[in-house]
Ligand SMILES: [Zn+2]
């Protein structure tokens, strides 16, 4: 007798169906027919089963503020920052945690078992947003893994005092050092910003996840410096860069150099197609750019690419369920990933690639791996992306943590 057996599961890249046996928090067998009985038996009925999905870039502290704030009239990032600052002055950690958990709940139901949450840390809101997300991490630990990023939303050099607050945020339990170098006033300040982040990360032996070159400006070049700094500091595989929209604006020769550096340094690129489609290229007349990194060129060079849900109903972005499949569908559209092998690459962006970026070692559907599984509710990667069905079962650390029951019929 084992704890759970998931029967008749369709696994990626494998013919036929398989059973998955789980004991405690581990997968103990993956076989055509598991003879042991499960205390809980789940029939996947031919549905695709994936390991738990990731959202590696989510500003949970601002989530759902769209319901209480004035709309972003220009639709730009600077106006979104300005609107949010007012509210941030009075953040209450308990209120931040409450909003965060409402969104985490929706994400878990959609099969997300790992979140990297960004907390604004700076002189406007102090550490209150970070304390709220740390509280949510603790309260929701039954359902998902949460990492909290200490993120300097108002910059570091241009927000004197932010560096000390980042340091303190790491001491209070944040997992990842954030950054926003492109937001500094000058290139020199952007490089100093990156240097400061590495100093903090080295002191606390933590990984780094920055928002980089989130602009249509071809002169925004902090990704190049981040990559070279990553190589020189020996941080290979420990750094992620979100957005990097300027990469699309660079000339092709310079872009190829930076793509090569990113791959060589093992820097993960996190695309956030939703928000960039909405916020970027606002100054373009026509044609309007898409505002995302050169996904196909990064993939072709072997760089690690993930896709994430940046915002959920806040002044930056008014939508977001959140659902990793929605992110996959969006990146597939924007980066034109439509061939069968490209759909597989797209689903990797919320599964294996994200696990690699977060350095989760025991990830995947095989004996010995952590029992984080999602019964997707569709028979293939293609159909999962196309239909974005309700996830039928979500298993975290060997416990069923969410399920859906749906009945829909066409009437005569
Ligand atoms: Zn973001």
Kindly evaluate residue 240 against the criterion of being in contact with a strand residue (DSSP E or B) (Cβ under 8 Å, 6 or more places away or on another chain) and either under 17 Å from residue 294 (Cβ atoms) or within 16 Å of the ligand (Cβ to nearest atom) (or both). yes
In the set 307, 351, which member is closer than 28 Å to residue 211 by Cβ, at pLDDT 95 or above, in contact with a strand residue (DSSP E or B) (Cβ under 9 Å, 6 or more places away or on another chain) and within 16 Å of the ligand (Cβ to nearest atom)? 307
Among the residues of region 368-389, which ones are more than 22 Å from residue 341 (Cα to Cα), in contact with a strand residue (DSSP E or B) (Cβ under 6 Å, 6 or more places away or on another chain) and in a loop (DSSP other than H, G, I, E, B)? 369, 371, 372
Which of the residues spanning region 65-94 are in contact with a helix residue (DSSP H, G or I) (Cβ under 6 Å, 6 or more places away or on another chain) and either surrounded by fewer than 18 Cβ atoms within 10 Å (Cβ to Cβ) or within 30 Å of residue 22 (Cα to Cα) (or both)? 69
Six or more apart or on different chains, Cβ under 8 Å: which pairs go from a residue in region 55-72 that's in contact (Cβ under 8 Å) with a residue 12 or more places away in the chain and closer than 19 Å to residue 151 by Cβ to one that's in a strand (DSSP E or B) and more than 16 Å from the ligand (Cβ to nearest atom)? Could you list them? 55/112; 55/114; 56/114
Considering region 194-212 alone, what residues qualify as being more than 16 Å from the ligand (Cβ to nearest atom) and either touching a strand residue (DSSP E or B) at 6+ places or on another chain (Cβ under 9 Å) or in a helix (DSSP H, G or I) (or both)? 194, 195, 196, 198, 199, 200, 201, 202, 203, 204, 206, 207
Reported set for region 273-291 where residues are crowded, with 24+ Cβ neighbours inside 10 Å and part of a loop (DSSP other than H, G, I, E, B) is 280, 291
Being part of a helix (DSSP H, G or I) and closer than 19 Å to residue 116 by Cβ is the filter; apply it to region 224-237 and report the residue that is farthest from the ligand (Cβ to nearest atom). 230
Looking at (1) closer than 22 Å to residue 378 by Cβ; (2) surrounded by 16 or more Cβ atoms within 10 Å (Cβ to Cβ); (3) without any contact (Cβ under 8 Å) to a residue 60 or more places away in the chain, which is the one condition that is false for residue 121? (1)
What is the one condition in (1) at pLDDT 95 or above; (2) part of a helix (DSSP H, G or I) that residue 178 does not satisfy? (2)
Note down all Cβ pairs under 8 Å where the first residue falls in region 229-243 and is within 17 Å of residue 355 (Cα to Cα), the second is in a helix (DSSP H, G or I) and within 16 Å of the ligand (Cβ to nearest atom), and they're at least six residues apart or on different chains. 239/226; 240/357; 241/223; 241/226
Selection count, region 328-367, where residues are in a helix (DSSP H, G or I), crowded, with 17+ Cβ neighbours inside 10 Å and in contact with a helix residue (DSSP H, G or I) (Cβ under 7 Å, 6 or more places away or on another chain): 10
How many residues does region 18-46 hold that are surrounded by 15 or more Cβ atoms within 10 Å (Cβ to Cβ) and within 16 Å of residue 366 (Cβ to Cβ)? 13
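The values are calculated or read from the model by the stated rules, or taken from the named source; none is laboratory data. Predicted, not measured: the structure shown is a model, and the values here were computed from it. Every residue, glycine among them, receives a Cβ derived from its backbone with ideal geometry; neighbour counts consider all protein chains shown.
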